[in-house]
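Visitor: This is the structure, below, for whatever I ask next.
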C-alpha cells in the first residue's frame, strides 16, 4: 500500500497503531476484528501476532527509518550546496548548467562518494533545488528587431475575425 507521493511516514503513529492492535489481541478479539478496529489489512495483524509470539511486545517497536541511509552527512550536504552555488563552470564546464551527471561528478570529486546520475535528484530535492530548463535563445538574437516585428508586422499577419463571427 504505502503512502501517497510526498507524504512522509509517521513512525510513532504506526507504532501506536501496532500497540493498540496488541492490546486488542490480548483482550481476545479476532485478527479480523482487530484489523477493522485499527484500520489495517488482516494480514498485517496476522504478521504482528506472529511477531508478538516470537519476540513479545518488543517485536512491535518501530524499526526506525525506511530505506538506505544517505552516504552524505548533514555537514556534507551544506558543503555540497555551496559547491552547487559556485556553479558548474567552477568545476571546469563551459556552461553554468547543472545536469544530473555533473552533480554526480561534483559529489564524487568533493566527497569521494559515487552516486548514479539518476539518483542525485532526491538530494537536490532535499536541498530545495528544482529542475530548471534554460531558455533556448540564440546568441545572435536581436531583441530590438523582435520588438519592432511584434509591434508592426505581427498585427498585419494576425488573422482577424470574419464579419459573420464578429457581433
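Visitor: Among the numbered conditions (1) more than 30 Å from residue 20 (Cα to Cα); (2) surrounded by 12 or more Cβ atoms within 10 Å (Cβ to Cβ), tell me where residue 85 comes up short.
Guide: (2)
Visitor: Taking the range 62-82, which residues are farther than 30 Å from residue 12 by Cα and surrounded by 12 or more Cβ atoms within 10 Å (Cβ to Cβ)? Steps first, please.
Guide: From the range 62-82, those farther than 30 Å from residue 12 by Cα are 79-82; that's our starting set.
Within the range 62-82, 79, 80, 81 qualify.
Visitor: Quick one: which residue in 84, 25 is part of a helix (DSSP H, G or I) and closer than 30 Å to residue 130 by Cβ?
Guide: Working: 25 fails: closer than 30 Å to residue 130 by Cβ.
Of the residues listed, the single one that is part of a helix (DSSP H, G or I) and closer than 30 Å to residue 130 by Cβ is 84.
Visitor: Just checking, which of 132, 51, 89, 55 is farther than 30 Å from residue 35 by Cβ and either in the same structural domain as residue 35 (by TED's automatic domain parsing) or at pLDDT below 85 (or both)?
Guide: Values: 51 fails: farther than 30 Å from residue 35 by Cβ; 89 fails: either in the same structural domain as residue 35 (by TED's automatic domain parsing) or at pLDDT below 85 (or both); 55 fails: farther than 30 Å from residue 35 by Cβ.
Among 132, 51, 89, 55, only 132 is farther than 30 Å from residue 35 by Cβ and either in the same structural domain as residue 35 (by TED's automatic domain parsing) or at pLDDT below 85 (or both).
Visitor: Same structure, new question: Would you kindly identify the helices (runs of 4 or more DSSP H) lying entirely within the range 94-152 that contain at least 3 residues that are touching a helix residue (DSSP H, G or I) at 6+ places or on another chain (Cβ under 6 Å)?
Guide: Values: elements: 100-111, 121-126, 143-148.
The qualifying helices (runs of 4 or more DSSP H) are 100-111.
The values are calculated or read from the model by the stated rules, or taken from the named source; none is laboratory data. Quick caveat: nothing in here was measured; it's all calculated off a predicted structure. Using ideal geometry, Cβ is built from the backbone for each residue, glycine included, and neighbour counts are taken over all protein chains shown.
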